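Down below is the structure, laid out as structure tokens.
What follows is calculated from the coordinates using simple rules that are stated; it is not laboratory data. The structure presented is a predicted model; accordingly, all values stated were derived computationally and were not measured. Quick reminder, even Gly has a Cβ in these numbers, built from the backbone with ideal geometry, and neighbours come from all protein chains shown.
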Protein chains: 2
Amino acid sequence: MQIEVNRQLPVPLARQIYQAVVDRIQSNLLEEGTRLPSVRILSKQIGVSLMTVVQAYNELEQDGFIERIQGKGTFVQKNKQGGTTDRQESPYDWQLSVPDYLPRAQFSRYYQLSARFEFFSSTIDPGLLPNRYLEKEIQRILSQEPRILSTYGDVQGDPVLRTELAGYLRESKISTTSDEILVTNGTQQGIDLVARTFVGPGDIVFTEAPTYPAAIDVFRWRGATILPVPVDEHGMRVDMLAALCEKYKPKLIYTMPTFQNPTGTVMSAQRRRQLLDIAYETQCLVLEDDPWSEIHFGKQPPPSLKSMDSLGHVIYLKGLSKILAPGCRVGVLAASGTVFHRLVAAKGNTDLGSPMLTQKAVLPLLHSDRMRNHVKKLRIALQLRRDLMIDLLSVHMPKDVNWLIPQGGVNLWLALPVQIDTEDFLGYARNYQITFLPGAACYPIESKHHFLRLSFSYLNEKEIEEGIKELGKATQSFIKATAAYRKAPIV
Amino acid sequence: MQIEVNRQLPVPLARQIYQAVVDRIQSNLLEEGTRLPSVRILSKQIGVSLMTVVQAYNELEQDGFIERIQGKGTFVQKNKQGGTTDRQESPYDWQLSVPDYLPRAQFSRYYQLSARFEFFSSTIDPGLLPNRYLEKEIQRILSQEPRILSTYGDVQGDPVLRTELAGYLRESKISTTSDEILVTNGTQQGIDLVARTFVGPGDIVFTEAPTYPAAIDVFRWRGATILPVPVDEHGMRVDMLAALCEKYKPKLIYTMPTFQNPTGTVMSAQRRRQLLDIAYETQCLVLEDDPWSEIHFGKQPPPSLKSMDSLGHVIYLKGLSKILAPGCRVGVLAASGTVFHRLVAAKGNTDLGSPMLTQKAVLPLLHSDRMRNHVKKLRIALQLRRDLMIDLLSVHMPKDVNWLIPQGGVNLWLALPVQIDTEDFLGYARNYQITFLPGAACYPIESKHHFLRLSFSYLNEKEIEEGIKELGKATQSFIKATAAYRKAPIV
């Protein structure tokens with residue numbers, strides 16, 4: 001277990017240690033029953049006082065993450081739901097002492113949960129996607145060019161696809177060419193490429209808070225110091241970003257200005273301009289993640305940061321197969337200059353390039369008017385589902401549950417009463433066959449625990465209807481149980 | 001430009017700096033005409049004496065990598081072939097001062113070169129692959145399950161495919177189950193996952209020397225100290241590995257015991273046992289890369305390290321789509337215990353899982369006897385091409401060119417006369433429409449320059465025949481030119 005603390009930060013050292021241990025437990029990287037290092041050893045290893053570690057361990061014990069057993073040591077707490085037995089000895093036990101460089105992997109843990117009502121999933125209902133059309137096109141392409149199964153392509157991506165992608169981005173005023181486009185295995189790889197190339201130990205990365213949990217996983221892995229900037233109804237609080245940048249020189253600002261994940265908010269045009277000015281002043285990079293700008297329900301959102309940037313500060317990510325064929329995992333990265341060239345080199349080191357088959361599969365739709373028609377259809381279908389979900393929430397949720405109404409995208413951000421921990425609630429809600437994203441995973445540090453994200457894109461109308469009814473029941477019942485549990489010590 | 005040196009190593013500091021700069025230039029990460037930091041600044045940044053940097057810069061200048069311009073500074077040398085003009089000022093020039101964590105990306109640079117005779121490419125001739133069969137199977141699968149285009153799969157890989165893969169590995173005595181199999185985007189991603197999870201700054205990684213260049217790229221990126229172990233006709237010199245391990249505690253041993261890349265040698269069963277014992281004693285991990293063990297021309301090679309390992313030290317990589325459908329980029333990683341679980345978590349952080357479409361595409365062949373028949377056919381076809389290439393080399397190459405005869409795999413390792421630098425020769429050979437892998441890229445440090453790797457798998461018989469004739473001409477002519485150039489100063 002390698003823990004690093006940063007003395008420059010306004011966050012107490014004990015709190016930083018607490019967070020590092022919780023991240024590993026929440027990511028299943030510290031398994032139940034694993035013995036933690038003693039206070040003495042950990043304080044020496046990190047270079048902090050004994051008292052600091054004692055304080056961190058006390059808080060971890062209070063919050064039920066670890067337990068101390070007299071004369072034996074400190075252990076990761078068994079699952080609160082119980083049911084696991086003591087660990088058996090295994091021939092692989094020596095592996096526990098192999099240190100790794102993986103402090104956090106929370107998102108993919110939630111991502112793996114399955115249930116009848118997967119409000120967690122922010123992919124689009126397969127019923128809304130042009131599978132049959134793509135299937136026919138893939139048949140046509142394979143019979144014309146069977147060799148795409150047997151040859152490697154460009155590291156940078158298929159040139160024909162890159163040309164189409166550049167054209168597609170130009171429609172939203174991003175001035176780019178096929179030479180400045182890199183095809184990735186989904187947006188997640190795009191974030192990872194930027195992190196592995198430009199982010200390292202101690203570098204300052206600013207993100208929105210809350211933000212996309214898998215981005216936190218990746219920046220944390222690189223040893224970055226992640227500083228959160230709050231979000232209000234006009235997106236990231238760029239005024240606060242500016243104040244923080246006075247003290248902390250950023251290497252990278254990671255932002256989702258349009259239909260932010262998880263809040264669904266849109267950054268105003270004025271703040272976009274200000275954010276770009278900050279990047280120019282501080283000579284830092286901006287990673288703009290834009291999965292959903294096509295899916296707007298009202299007026300068109302302001303232009304992307306990338307379209308406003310003439311100096312090559314913005315690296316732009318578009319998860320293209322998200323709205324076409326998520327199973328193909330085709331993402332787009334657009335950037336300029338040596339920053340772009342270095343990212344292409346990193347892609348080579350990572351996997352030598354994306355598969356030809358999936359790149360060719362998404363091509364036919366892009367090439368035609370079908371894309372525009374498909375997007376129009378999606379907007380209508382998803383707006384209907386958003387409206388349905390909001391109506392149902394109003395009926396079935398307790399009065400003290402609130403949410404923002406997103407003007408696009410696929411996510412709803414719910415605030416439950418402050419005493420509720422949505423991580424615990426997720427465990428409870430699974431009895432109702434429900435998954436969602438608990439809010440705590442969306443904060444790089446000092447998490448808020450009473451939020452959760454529901455996606456309205458994956459389930460169809462009928463499933464949303466049944467699912468939100470169940471969620472209403474689960475919420476009522478969990479709030480009652482929490483209140484009873486809270487009261488218990490007093491009785 | 002971030003350069004790190006390691007004072008524990010038997011390699012002089014000036015030489016380490018030299019190597020770091022050459023790696024970046026060879027990887028196109030330092031572009032022609034880029035200004036290097038002054039001696040004073042670099043010595044301060046690295047923490048070495050002025051004289052050490054002066055010595056490194058002198059050697060770089062002598063070898064034609066950099067040039068000093070009086071009153072202006074030190075610059076990366078313009079391409080020896082000439083033809084580039086002075087760099088124009090660009091709005092992106094500020095990017096040159098953005099530090100990155102990408103010290104080397106050599107392999108993908110060579111990988112991008114195209115020519116009529118691509119002896120570089122170690123993929124298999126598409127004409128030998130079952131494209132039409134796979135095409136029909138993909139059609140069948142898509143019409144049965146069009147939703148594989150629109151849904152994400154397991155991070156760990158499609159369970160049906162994992163079950164087939166486990167069965168396939170068990171045929172070669174690797175005792176594994178679908179729970180211990182991770183599907184990757186080709187072997188390259190497997191190496192990358194292991195490096196990002198278990199290798200960090202200052203960790204000791206042992207590799208064969210020569211070895212697979214893209215593995216060096218990845219370990220160097222992680223800041224590891226890579227220690228080379230020579231190879232003889234029985235594979236890695238495990239006796240030397242043992243001696244080195246007395247002084248340097250390994251974190252990881254990276255090896256290709258069977259038909260080693262690039263030499264084609266096979267590690268003896270005795271050395272395999274010894275290597276595993278070293279791993280057990282030093283409590284380190286072993287990364288076994290096994291792309292070609294199926295493709296043996298004589299007797300079956302000894303069992304894999306993985307099949308001999310009961311304690312979970314070996315992480316095993318198999319580039320499965322290499323022999324089926326390289327365009328699908330499907331690789332297999334097999335490991336055990338928490339080491340395996342941590343790698344799955346890392347895969348989640350990297351890309352949330354491989355595309356369903358490519359995973360389903362390789363399934364039908366694996367499932368049937370066709371796989372075995374296909375491998376038999378490949379063995380025969382590739383042995384014929386190896387024999388043909390060796391016959392042609394004997395006829396067309398100068399007498400002082402030598403090679404090992406591989407008993408399997410796809411590569412031939414050639415030794416040219418020692419005065420030849422095959423990196424320069426590659427530039428020259430491109431006039432003959434030839435590519436190959438220059439040997440220097442295969443060494444982590446202290447490269448040998450007169451070797452090159454030819455692959456006999458990608459080109460068909462006719463192309464091999466014409467290509468080796470051209471290579472013969474190019475070699476004769478280059479050796480003559482080099483001799484003349486060497487003599488010139490004397491005349």
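Please list 3J(HN,Hα) in residue order for region A:461-472, calculated via the Karplus relation 6.51 cos²θ - 1.76 cosθ + 1.60 where θ = phi - 60°; whole Hz, with x for glycine and proline.
3J(HN,Hα) across region A:461-472, in whole Hz: 4, 4, 5, 4, 4, 5, x, 6, 4, 5, 4, x.
Rounded to the nearest 5, what is the percent of antiparallel bridges among the DSSP beta bridges in region A:131-369?
35 percent
Applying 1/(1 + (r/R0)^6) with R0 = 45 Å to the Cβ-Cβ distance of B:Gln144 and B:Glu281, what FRET efficiency is obtained, to the nearest 0.05?
Numbers: r = 52 Å, r/R0 = 1.15.
Between B:Gln144 and B:Glu281 the formula returns 0.30.
Take the alpha carbon atoms of region A:293-326, find their center, do the same for region A:128-186, and report the distance between the two centers in whole angstrom.
For region A:293-326 versus region A:128-186, the Cα centre distance is 18 Å.
When B:Ser354, B:Ser175 are ordered from fewest to most other Cβ atoms inside 10 Å of their Cβ, what list results?
With the fewest neighbours first, B:Ser354, B:Ser175 line up as B:Ser175, B:Ser354.
With 24 Å as the limit, write out which pairs from A:Lys299/A:Lys462; A:Lys322/B:Lys360; A:Lys136/A:Lys462; A:Lys347/B:Lys249; B:Lys299/B:Lys376 have Cα-Cα distances beyond it, or answer none.
Distance filter (> 24 Å) returns A:Lys299/A:Lys462; A:Lys136/A:Lys462; A:Lys347/B:Lys249.
If packing is taken as the mean number of other Cβ atoms within 10 Å per residue, what is the order of A:241-250, A:129-138, highest first?
Ranking, from highest mean packing down: A:129-138, A:241-250.
Does anything in region B:397-434 have its amide N under 17 Å from the 7 Å Cα→Cβ label point of B:Asp63, and if so which residues?
B:418-427
Tell me which lysines have Cα within less than 16 Å of B:Lys469's Cα, excluding those fewer than 8 residues away on the same chain?
List returned: B:Lys399.
In whole Å, what are the extents of chain B along the principal axes defined by its C-alpha atoms, from largest to smallest?
70, 51, 50
Could you tell me which of rounded, prolate or oblate describes region A:171-289, using a ≥ b ≥ c as the square roots of the eigenvalues of the alpha-carbon gyration tensor, with rounded for a/c under 1.5 and, failing that, prolate when a/b is larger than b/c and oblate otherwise?
rounded
May I ask you to sort A:Arg147, B:Arg162, B:Arg329, A:Arg140 by Cβ crowding, counting other Cβ atoms within 10 Å and putting the fewest first?
Values: A:Arg147 14, B:Arg162 23, B:Arg329 31, A:Arg140 11.
The fewest-first ordering by Cβ neighbours comes to A:Arg140, A:Arg147, B:Arg162, B:Arg329.
Hey, how many Å between the Cα centroid of region B:30-71 and the Cα centroid of region A:197-251?
The two parts, judged by their Cα centres, are 35 Å apart.
What's the FRET efficiency of A:Ala483 with A:Lys299 using the Cβ-Cβ distance as r and R₀ = 45 Å, to the nearest 0.05?
So the FRET efficiency works out to roughly 0.60.
Take the alpha-carbon centre of region A:255-291, take the same for region A:392-467, and report the distance between them in whole Å.
Centre-to-centre distance over Cα atoms comes out at 25 Å.
So for the pair B:Ile380, B:Lys448, with labels modelled 7 Å out along Cα→Cβ, what separation do we get in nm?
Between B:Ile380 and B:Lys448, the label points sit 3.6 nm apart.
So if the hydrodynamic radius of region A:352-470 is defined as the Kirkwood radius over C-alpha pairs, what does Stokes-Einstein give as its diffusion coefficient at 37 °C and 0.692 mPa s, in µm² per second?
The diffusion coefficient I find is 198 µm²/s.
Given Cα pairs under 8 Å that are at least 6 residues apart, what percent is the relative contact order of region B:1-130?
Contact order relative to length: 30 percent.
Can you pull the one-decimal nm distance between simple spin-label points at B:Glu463 and B:Ile405, each 7 Å off the Cα toward Cβ?
It is 2.6 nm.
What ranking do A:Ile191, B:Ile3, B:Ile204 get, fewest neighbouring Cβ atoms within 10 angstrom at the top?
So the residues, fewest neighbours to most, are B:Ile3, B:Ile204, A:Ile191.
Just checking the output field for B:182-195: average partner chain Cβ neighbours within 10 Å of each residue's Cβ?
Mean shielding count: 3.
Starting from the 7 Å offset along Cα-to-Cβ, what nm value, one decimal, do you get for the label separation of A:Asp391 and B:Ser90?
It is 5.4 nm.
Provide the percentage of antiparallel DSSP beta bridges, counting only those with both residues in the protein assembly as shown; round to the nearest 5.
55 percent
Using a Förster distance of 60 Å, how high is the FRET efficiency between A:Gln433 and A:Met308, based on the Cβ-Cβ distance and rounded to 0.05?
0.85
Given contacts defined as C-alpha pairs under 8 Å and at least six residues apart, what's the relative contact order of chain A, whole-number percent?
18 percent
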